[in-house]
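Right, one structure below, let's go through it.
The values are calculated or read from the model by the stated rules, or taken from the named source; none is laboratory data. Every value quoted in this text rests on a predicted model; they were computed, and no experiment measured them. Every residue, glycine among them, receives a Cβ derived from its backbone with ideal geometry; neighbour counts consider all protein chains shown. The protein model used for the area step is the full one, side chains on, heavy atoms only, and it has no ligands, DNA or RNA in it. Shrake-Rupley method; radii C 1.70, N 1.55, O 1.52, S 1.80 Å.
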Amino acid sequence: VKMDKFGLWDIFKLLSEFVLSTDVVASELYSLDQLQVEEFPAEYRQVVEAARNIRSLSTRTIIISALDPELITFNRVLELLCGSLQQKCSSCKEGISIAAVYYSEDDKKIPSLPFVTIGMVRKFCCVKKLCGEKVLAERRKEFRILHSLIRAMRAKFVGNICDFCFLVGTDAHRCSGCLTKIYCSQQCLESDWSKVHKKVCARSKEQERKRKEGRRGRTKVGKHQVDEWIDCHSKAFGNKSVMDQVVQKMEKL
């Protein structure tokens with residue numbers, strides 16, 4: 001049996017986990033871009049900025065472009081993912097050379113080689129067991145903060161999800177003609193109008209179609225959704241939940 005010098009299985013797993021999830025991560029981070037993070041505790045701001053600095057979309061483009069003309073090794077893919085294989089352990093700050101990936105809590109074992117975590121929280125770790133435990137505990141904590149911020153944002157402004165780009169923002173406007181579409185910006189409104197909506201807007205007035213809520217209605221729905229998320233997080237995380245603190249800070253949005 002020939003040795004797999006490229007690490008094809010490792011490449012496939014990394015691509016399926018990272019590349020295919022990048023759009024979801026980018027969409028969720030867009031939600032955070034709508035927040036006035038300077039109003040949040042320093043710990044929250046640092047977590048959000050670290051997530052933004054990962055730049056998943058540009059990293060995905062770099063990896064795909066490198067794989068387009070020829071097959072490259074798993075180590076090379078790792079290098080493109082991390083920017084450099086030479087990193088410092090997020091716990092002990094020891095210099096390390098990244099050689100493995102930790103994907104999620106579904107991984108039962110901590111890698112025996114220096115590793116990088118993927119997703120919205122990027123961490124690097126050496127081979128020491130204590131560092132592994134600390135790094136992954138910190139990753140869980142930071143993910144909980146990001147998850148709470150994103151879910152609170154999407155819950156509060158659930159009625160503002162754009163019918164063209166499907167992103168959520170603090171501002172939204174209904175089509176004044178039919179009241180059945182919500183847009184986050186003038187650009188999305190004009191893009192949808194030129195492609196599809198102008199063909200159905202007039203018909204929407206003649207046919208019975210569900211109208212979207214106005215600002216007051218969307219605010220009411222959002223408040224109900226937020227209350228449900230606070231309760232959900234409290235049950236799931238107990239006193240470790242930060243959802244209620246996040247929501248309090250978001251009241252001025």
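Quick look at the numbers
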read-out: C-alpha center-to-center spacing [the range 144-203, the range 70-136] in angstrom; value: 38
read-out: Whole-number percent relative contact order across the chain, with pairs defined as alpha carbons under 8 Å at least 6 apart; value: 16
read-out: Helix 129-156 axis, angle to the chain major axis (alpha carbon atoms, nearest 10°); value: 10
read-out: For the range 90-173, average projected area of the Cα convex hull in nm²; value: 7.2
read-out: Spatial extent of the range 54-143: Rg and Dmax, with the Cα atoms as the point set, Å; value: 13.3, 41
read-out: Bridge type composition, the chain - antiparallel percent by DSSP, nearest 5; value: 70
read-out: Net lengthening on full extension, K235/S84 (0.36 nm per residue, minus Cα-Cα); value: 50.3 nm
read-out: Which listed pairs, of K13/K123; K13/K235; K88/K134; K141/K235; K5/K134; K156/K212, have C-alpha distances above 22 Å, in listed order; value: K13/K235; K5/K134
read-out: Residues E38 and S16, FRET efficiency given R0 of 35 Å [Cβ-Cβ distance, rounded to 0.05]; value: 0.40
read-out: Full-extension gain in nm, L57 to F6, via 0.36 nm per residue minus C-alpha separation; value: 16.0 nm
read-out: Expected-Rg normalisation [2.2 N^0.38 Å, Cα atoms] applied to the range 71-221; value: 1.57
read-out: Overall form of the range 67-107 per C-alpha gyration tensor (a/c, 1.5; a/b vs b/c); value: oblate
read-out: Accessible surface of the range 111-159 [probe 1.4 Å, protein heavy atoms]: carbon and sulfur percent; value: 60
read-out: Degrees between helix 42-53 axis and first principal axis of the chain (Cα, 0 to 90, nearest 10); value: 80
read-out: Interchain or long-range residues, amide H under 5 Å from Y102's placed H; value: V116, T117, I118
read-out: C-alpha long axis of helix 215-237 to longest principal axis of the chain, angle in °; value: 30
read-out: At 0.890 mPa s and 25 °C, Stokes diffusion of the chain via Kirkwood alpha-carbon radius, µm² per second; value: 118
read-out: Pair V158, K141: separation of 7 Å Cα→Cβ label points (nm); value: 3.1
read-out: Spin-label model distance (nm) - L71 vs H224, 7 Å beyond Cα toward Cβ; value: 5.5
